[in-house]
Amino acid sequence: MDILRNFIITLLTVISISSVASSTPIDSTWDLLHAVEYRDGERFLDLMSESVRIQIDWSYQQLRELALENPGLVETLLTESGSGLTTWDLEWMTTEDFVSRMLEGVYLPPLENIISEEASLRGRNAEVSFTWYSGYSLSLQFSWEESSWKVTGSPILNQLF
């Protein structure tokens, strides 16, 4: 019985270490790109720093409140976003649903066309740049929070929110 228990403890330790070791800013960037590609608002928000998540949620709540006061203005804003959302959609959506729909308006070149990945680390902060064959590049800023790399800034965020 002790052999089995020791084996399980060793296995869990190896799995835990390998999962932590693979959590780099570049891994987190790939996770973010896949969240954008698959329009996964929940995963997208999970990759954001706490302050960015709060800002996104606050922006969404402000938009919902504005929809009650001035639905015509919000309808115009939503039309311009290219998300296909309407003011009626805002009434029942969660922040995760909203982000998923907003991600529909984000264009990224195919991920298989990425030709370089670069990361620079400064303490608990990192900057990652990905470049595609077409010359398109994307930079993301990260900080180490909640035992993983979380996005603190990105042109994708500026485009969406």
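The values are calculated or read from the model by the stated rules, or taken from the named source; none is laboratory data. Here the structure is a predicted model, which means the values were calculated and not measured. Ideal geometry is used to build each Cβ from the backbone, glycine not excepted, and the neighbour counts take in all protein chains shown.
In table form, for the structure just shown:
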item: Conditions (1) surrounded by 16 or more Cβ atoms within 10 Å (Cβ to Cβ); (2) of a type in the set (S, T, N, Q); (3) touching a helix residue (DSSP H, G or I) at 6+ places or on another chain (Cβ under 8 Å); (4) more than 17 Å from A35 (Cβ to Cβ): number failed by S143; result: (3)
item: Qualifying residue in the range 100-118 (condition: of a type in the set (G, A, S) and either in a strand (DSSP E or B) or without any contact (Cβ under 8 Å) to a residue 60 or more places away in the chain (or both)); result: yes
item: Top-ranked residue of the range 88-99 - restricted to ones that are surrounded by fewer than 16 Cβ atoms within 10 Å (Cβ to Cβ) and touching a residue at least 12 places away in the same chain (Cβ under 8 Å), ranked as nearest to the chain's Cα centre (by Cα); result: D89
item: Members of the range 74-99 that are part of a loop (DSSP other than H, G, I, E, B) and over 21 Å from S154 (Cβ atoms); result: G84, L85, T86, M93, T94
item: Test for F130: is it touching a Phe, Trp or Tyr at 6+ places or on another chain (Cβ under 7 Å), of a type in the set (A, V, I, L, M, F, W, C) and either in contact (Cβ under 8 Å) with a residue 24 or more places away in the chain or surrounded by 15 or more Cβ atoms within 10 Å (Cβ to Cβ) (or both); result: no
item: Residue match in the range 62-78 (condition: within 25 Å of L140 (Cα to Cα), modelled with pLDDT under 95 and not charged (D, E, K, R)); result: no
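Yes/no matrix, rows are residues, columns are (1) at pLDDT 95 or above; (2) surrounded by fewer than 14 Cβ atoms within 10 Å (Cβ to Cβ); (3) closer than 19 Å to V151 by Cα:
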residue: T86; (1), (2), (3): no, no, no
residue: R101; (1), (2), (3): no, no, no
residue: L108; (1), (2), (3): no, no, yes
residue: A119; (1), (2), (3): yes, no, yes
